[in-house]
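The values are calculated or read from the model by the stated rules, or taken from the named source; none is laboratory data. Quantities reported herein were computed from a predicted structural model and do not represent experimental measurements. With ideal geometry, Cβ positions are generated from the backbone for all residues, glycine too; neighbour counts draw on all protein chains shown. Just the protein is used for accessible areas: all its heavy atoms, side chains included, with ligands, DNA and RNA removed. Shrake-Rupley method; radii C 1.70, N 1.55, O 1.52, S 1.80 Å.
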Amino acid sequence: MADSSSLKTTPLTDWHRAHGARMVPFAGFEMPVQYRGVLAEHEAVRSRVGIFDITHMGEIAVTGPQAGAWLDGLVTNRVAVVAPGKVVYTAMCRPDGGVLDDMLIYRLGDEDWLVVCNASNHEKIAAWLVEHRPAQGVELEDLSDGIALIAVQGPDSPALMGRVGVLSDRTADMAALDFYTALTCDGPGGRWVVSRTGYTGEHGYEIYLPFADAVAVWEELIAEGKDLGVEPIGLGARDTLRFEVGYCLYGHELAEDISPLEAGIGWAVKLKKDAFTGRDALLAQKAAGIPRRLVGLALDERGIARPGAPVLHGDEQVGAVTSGTFSPSLKVALALALVRAPVDESDLSVEVRGKRLACHVVPFPFLPARTKGDPRAERNLPA
Amino acid sequence: MVPDDRMYTEDHEWVRVEEEDGEQIGMVGVTDFAAGELGDVVFVELPEIGSEYSQKDPVGTIESVKAVADLFLPVSGEVVAINDAVVESPELVNSDPLDEGWLFKIRLAEPGELETLLDAAAYGKLLGG
């Protein structure tokens, strides 16, 4: 266990501590796992609006005349062809098709890109980029130690973002900001990037801003959102929120020994694209038959299947749970599991602490995302 | 808050013993500290009425959103009641762990085992109080 003194902090760490957050070590950072409680925070984001400090994410600037073409050769999705202002979700793979990380890539200008990777993979991805950088035409700069990241998520997030002073002269641009697009603007401490992105399945935004601006904006969001019921949200609810809408979490649904095709993010793998690292392996895997598939499971008996719990078909182990929890919105125990394909859906169970609990396959996302369209679209949740 | 009307275990459970019809009946629950550490409790699995166990036997589980914890029997005995309310509404463990959120009752087989448990002062000390 890391000694807390060796953990990195964010500009908001003192605020979290002062406001009753339970702090935990996470990917080398000391981060808030909860404030009021996971269930209450989850509900706040689903029904109102919540703000998250996710400064632990890594941000690496990739610039230069060759930046787009080079990045395109390293990732599974198409990034070189998108217009400035677009954001792309993609995997970055090893030559064997295993996933190094999943990430967002922002095209901020013609030759200006921002790679946003998971904190747990930050060092690995930074090293991978340096190692594969061409001799000319691409500059890399790791900005992570100076960029704070605040997510504003929930059906009331448009209203709350409309009250942020720095964005007050960008009302029309904010209203026109589509899902997976971004704008830049000038804050007191330097450039901000604001995007319609998130990890909750709700209408939401992410604000990349200089460290110097973080506390003021965070407190502005808390103060201005009081009548909207805004509250700070910890990593605990961030996980249950992403789980319900079926978003992958690296280290669970994605890993170096899991291919993006197995993990169900084939939509972000453009096999028709010219060469990219891992393409040959993924083409071969697709031709031979994808060996495992990510499935949603609902438990028929009381209990929660945690990550690593074996999935059995009859007496034979056919897979393992990658994420599992009680779904706060649906009020049932659910799991995501990586299971041998083709999946025989009969006679399935999960082994939880030595006991077999019957379960059955259910479609996932368990809950539809509301990232596009009506932020309050009806979902028919249990009372 | 560590009330002195009951005894505690190092696993952060409490047992409060009352005499009913000449028998020693212990009501068992988890402490404020345990409830806080677990976070939002979503399932409680309790032993069956009529089962007999020895001290420290695992007899059930408490599942929160993020974690699972075993329940151990603080003292040997037979399970004579379970709290149906807490099975239906597991959040009682968080909202009122020392009273409404009690878990089950046992008929003590070896009342002398109570002396192996922590009193309120000792438990408070365990918590660093």
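Would you mind stating whether A:GLN34 is open to solvent by 10 Å² or more (accessible area, probe 1.4 Å) and under 30 Å from A:THR277 (Cα atoms)?
no
Mind checking which residues of the range A:300-313 are of a type in the set (A, V, I, L, M) and facing another protein chain (nearest Cβ under 10 Å)?
Within the range A:300-313, just A:ILE304 meets the criteria.
Out of B:GLU63, B:GLU37, B:GLU78, report the one residue that is under 30 Å from A:MET23 (Cα atoms) and either assigned to a strand (DSSP E or B) or in contact with an Asp or Glu (Cβ under 8 Å, 6 or more places away or on another chain) (or both).
B:GLU63
For the range A:219-239, which positions are away from every other protein chain (no Cβ under 14 Å) and among the small types (Gly, Ala, Ser)?
Answer for the range A:219-239, where residues must be away from every other protein chain (no Cβ under 14 Å) and among the small types (Gly, Ala, Ser): A:ALA223, A:GLY225, A:GLY229.
Which of the strands (runs of 3 or more DSSP E) contained wholly in the range A:111-198 include at least 2 residues that are within 24 Å of A:ILE233 (Cβ to Cβ)?
By residue number, A:112-117, A:147-153, A:182-187, A:190-195.
Of the numbered conditions (1) more than 26 Å from A:MET57 (Cα to Cα); (2) surrounded by 17 or more Cβ atoms within 10 Å (Cβ to Cβ), A:LYS286 fails exactly one; give the number of that condition.
(2)
List pairs: first residue in the range A:244-262 and of a type in the set (Phe, Trp, Tyr), second residue in a loop (DSSP other than H, G, I, E, B) and open to solvent by less than 10 Å² (accessible area, probe 1.4 Å) anywhere in the structure, Cβ distance under 9 angstrom, at least six positions apart or on different chains.
Listed by first residue and then by second, the contacts come to A:TYR247/A:THR200; A:TYR247/A:GLY201; A:TYR247/A:GLU253.
Out of the range A:310-334, which residues are within 18 Å of B:SER64 (Cα to Cα) and open to solvent by 20 Å² or more (accessible area, probe 1.4 Å)?
A:PHE326, A:LEU330, A:LYS331, A:VAL332, listed by residue number.
Which one is nearest to the chain's Cα centre (by Cα), of the residues in the range A:335-347 that are open to solvent by 10 Å² or more (accessible area, probe 1.4 Å) and not polar (S, T, N, Q)?
It comes out as A:LEU338.
Only one of these conditions is not met by B:THR61: (1) within 14 Å of chain A (Cβ to nearest Cβ); (2) touching a residue at least 60 places away in the same chain (Cβ under 8 Å); (3) not hydrophobic (A, V, I, L, M, F, W, C). Which number is it?
Failing condition for B:THR61: (2).
Return the residues of the range A:42-76 that are surrounded by fewer than 23 Cβ atoms within 10 Å (Cβ to Cβ), within 30 Å of A:THR325 (Cα to Cα) and among the polar types (S, T, N, Q); say none if nothing qualifies.
Once the filter is applied, which keeps residues that are surrounded by fewer than 23 Cβ atoms within 10 Å (Cβ to Cβ), within 30 Å of A:THR325 (Cα to Cα) and among the polar types (S, T, N, Q), the range A:42-76 yields only A:SER47.
Is it the case that some residue within the range A:79-97 is more than 18 Å from A:TYR247 (Cβ to Cβ), among the acidic types (Asp, Glu) and either assigned to a strand (DSSP E or B) or away from chain B (no Cβ under 14 Å) (or both)?
yes
Condition check ((1) in the same structural domain as A:THR371 (by TED's automatic domain parsing); (2) under 30 Å from A:GLY229 (Cα atoms); (3) of a type in the set (A, V, I, L, M, F, W, C)) across all residues:
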| residue | (1), (2), (3) |
| --- | --- |
| A:VAL38 | no, yes, yes |
| A:GLU41 | no, yes, no |
| A:ILE51 | no, yes, yes |
| A:VAL62 | no, no, yes |
| A:LEU71 | no, no, yes |
| A:ASN77 | no, no, no |
| A:CYS93 | no, no, yes |
| A:ALA127 | no, no, yes |
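Restricting attention to the range A:327-350, report how many residues are assigned to a strand (DSSP E or B) and without any contact (Cβ under 8 Å) to a residue 60 or more places away in the chain.
Of the residues in that region, 9 qualify.
Within the range A:348-380, take every residue that is small (Gly, Ala, Ser) and surrounded by 14 or more Cβ atoms within 10 Å (Cβ to Cβ) and give me the one that is farthest from the other protein chains (Cβ to nearest Cβ).
A:ALA369
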